[in-house]
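The values are calculated or read from the model by the stated rules, or taken from the named source; none is laboratory data. In this text the structure is predicted, and so the values were computed from the model without any measurement. Glycine also receives a Cβ, built like all others from the backbone with ideal geometry; neighbour counts cover every protein chain displayed. With ligands, DNA and RNA removed, areas are computed over all heavy atoms of the protein, side chains included. Shrake-Rupley method; radii C 1.70, N 1.55, O 1.52, S 1.80 Å.
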Amino acid sequence: MLADKRARLVEQLAEIQDSIDFIDAKQRFYDNVLSGATPPPYVSVLIPFAALAKESEEPGELKGAERK
């Protein structure tokens, strides 16, 4: 009985770790987008385009990139 419970918990722990790893990878990706480490052009429906245009020539335009 305890062995079965332990096996289920180990399985759940693996699933939770996979979820945490996925969240960490997404966070690194978005941090890189916001810091400019991800090369332009990057267009997202989640991040306002103005947040990506740090040193733009015109509002809403990313320097050296075409908006698609």
What's the local net charge at A25, with K and R +1, D and E -1, over the other residues with C-beta under 13 Å away?
-2
Given the Cα-Cα distance of L34 and F22 and 0.36 nm per residue of separation, how much length would full extension add, in nm?
2.5 nm
Determine the share of region 1-45's accessible area contributed by carbon and sulfur atoms, expressed in whole percent, with a 1.4 angstrom probe.
61 percent
